[in-house]
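The values are calculated or read from the model by the stated rules, or taken from the named source; none is laboratory data. Treat the numbers as computed from the prediction; the structure is a model and nothing was measured. Cβ sites come from the backbone with ideal geometry, for glycine too, and all protein chains shown count toward neighbours. In case anyone asks, the SASA skips ligands and DNA or RNA and just uses the protein heavy atoms, side chains included. Shrake-Rupley method; radii C 1.70, N 1.55, O 1.52, S 1.80 Å.
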2 protein chains.
Amino acid sequence: MSNTLTTKLTSFSDLSAEEAAALDAVCNDTFTVKGRDLIRVGDRPEQVFLVLNGWACRYKDLPDGKRQILAYLIPGDLCDPHIFIFEQMDHSIRAIGEARVAAIPKQVILDLTERYPALARGLWWSALVDEAVSREWLVNVAQRDSYTRMAHLFCEIWLRMCQVKLTTGGTFDLPLTQEQLGDTLGITPVHVNRVLQRLRAEGLVTTRDRRMTIHDVDALKAAAEFDPRYLHLDARAAA
Amino acid sequence: MSNTLTTKLTSFSDLSAEEAAALDAVCNDTFTVKGRDLIRVGDRPEQVFLVLNGWACRYKDLPDGKRQILAYLIPGDLCDPHIFIFEQMDHSIRAIGEARVAAIPKQVILDLTERYPALARGLWWSALVDEAVSREWLVNVAQRDSYTRMAHLFCEIWLRMCQVKLTTGGTFDLPLTQEQLGDTLGITPVHVNRVLQRLRAEGLVTTRDRRMTIHDVDALKAAAEFDPRYLHLDARAAA
DNA sequence: CGAGATGTTGAGCTGACTCAACGGGAGTGG
DNA sequence: CCACTCCCGTTGAGTCAGCTCAACATCTCG
């Protein structure tokens, strides 16, 4: 069984058996964390983390105690291979709930991308998608009301989970508390609760045991004004 | 007189005379635009643009007519050299006011970074800073009220303009309309006006003829809860 | 000299916030 | 096995930052 990163990259372009094997081999140093920081502001990481199971997030804390979640790292996500150009991290990365993570020395990544150009290209593509997602989050928070905003986030998570084949029916893991959703969307936990209730009342989603079910993806997309192009999922078809 | 990109990269690490010259030589194909798109959603650009004079911005339009500005490109800014991995742009880039721009074929960039590793590293660093800025914008819009938010934006612009030596005293070009400020900060033009008046009333800034003067940078930083670390300006000192 | 773009002001409205309370479930310790 | 506590979700009621709508003032430029 190959790792999730392989699954993700395969959605971009075919990998040879050798490349897939090289990617899998990279994950020998794995460990489990639970709700703890993997990387903290000010660190200068010498390794790259790959999420194998569970979720993590990038976030920033503000002096007044507020927190903003900048991105989710779901299985198959790599926290940036380029970061070692900076002297220090300007944000932190933390596991959400329990997560299994592989630590990969940066040299291993460098060797890998040098030997296998297809992998290099795939990782590039993946990093660019992460940037595109970040841009869309800005649009989301700045321009859409809380209802549309939350629906939009769920559509995005849905598609990303589909990409790594972690959905069954309309259901997938969503290990977030309402507070964390609030820190993602820039709204209060109280308000998250009310908006979520509306989405449930309209029959769009159900949540249960840290899992979410989307009952009508198209209806949710419509509610979210969702245009999936920014995820660049079609790279394979177009290439 | 060398171009502004050279100035910017020099703030990261020294460039040899040869490297600086190579960078300058790249800008032979220049032109002037005024408030028009350089790149549009759906395009697949085969070249990279370097802003020499004036400003440009990345932006996205929404179906309901709203617009979000995602980033400003000021002199010395390159619109990403990696974008050609994607099939199509997911946002547009437009000149703000009148701007002089150099069009650089992507192959020229590739050659340059291959021949001069120091340049490659500098461009890397610059791209990473752009990402860091984008993350901070998300924090800004999601977590800070409109007053703090606007002050924060002005602090950032101030430091970026300083980096490319485009400030004189506390004054610098700010070719933005209040509507564009609104599209940047996620607030109404009407509200931009009122917040701006408050910043003026408190003696923090003055605007006149599309130029801004900051009268007390420290006071403005305090009002903005501004922490400049995300701009990674100290790369040189730390390295 | 007219027209569109930009900036300014006033007045009323509303989406999201604050504060405060309560319920249920999971873990912990006695 | 119960009592306690903490975390998380839920609900209600009042408040406010920022919005909408609408008018008007300036300015630029053809």
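Miscellaneous remarks
- Nearest-first distances (nm) between copies at B:ARG100, label 7 Å from Cα via Cβ: 5.9
- Distant-in-sequence amide H partners of A:LEU70 (H built 1.01 Å from N, under 5 Å): A:ARG58, A:TYR59, A:LYS60
- Applying both filters, DSSP loop and at most 12 other Cβ atoms within 10 Å, to the trypsin sites (Lys or Arg not before Pro) of region B:167-239 gives B:ARG210.
- Label point distance in nm, A:ARG229-B:GLN88, each placed 7 Å from Cα along Cα→Cβ: 0.5
- Charges were assigned to the Cβ only: +1 to each Lys and Arg, -1 to each Asp and Glu. The resulting dipole of region B:135-238 about its Cα centre is roughly 140 debye.
- Pairs from the list A:LYS60/B:LYS221; B:LYS8/B:LYS106; B:LYS34/B:LYS66; B:LYS34/B:LYS60 with a Cα-Cα gap above 24 Å: there are none.
- Buried accessible surface for the A/B pair, both sides summed and rounded to the nearest 100, is 4200 Å² with a 1.4 Å probe.
- Protein-protein interface of region B:65-101, residues with accessible area decrease of at least 30 Å², isolated chain reference, 1.4 Å probe: B:LYS66, B:GLN68, B:LEU70, B:HIS82, B:ILE85, B:PHE86, B:GLU87, B:GLN88, B:ASP90
- Mean shadow area of region B:135-238, taken as a quarter of the surface of its Cα convex hull (nm²): 6.6
- Looking at the protein assembly as shown, the accessible area is 42 square angstrom per residue; that uses a 1.4 Å probe and ignores ligands, DNA and RNA.
- Mean residue ellipticity (222 nm) of the protein assembly as shown, computed from DSSP H runs ≥ 4 via -39,500 (n - 2.57), nearest 500: -13500 deg cm²/dmol
- Distances, shortest first, from the label point of B:THR188 to those at the same position in the other copies read 2.1 nm; the point lies 7 Å along Cα to C-beta.
- Copy-to-copy label separations for B:GLU46, where each label sits 7 Å from Cα toward Cβ, in nm and ascending: 4.6
- Diffusion coefficient, µm² s⁻¹, Stokes-Einstein with Kirkwood Rh over alpha-carbon pairs of the protein assembly as shown at 4 °C and 1.567 mPa s: 55
- Per-residue average of Cβ from other chains inside 10 Å of A:47-60: 1
- Trypsin sites (Lys or Arg not before Pro) restricted to region A:17-69 and DSSP loop, no more than 16 other C-beta within 10 Å: A:ARG36, A:ARG40, A:LYS66
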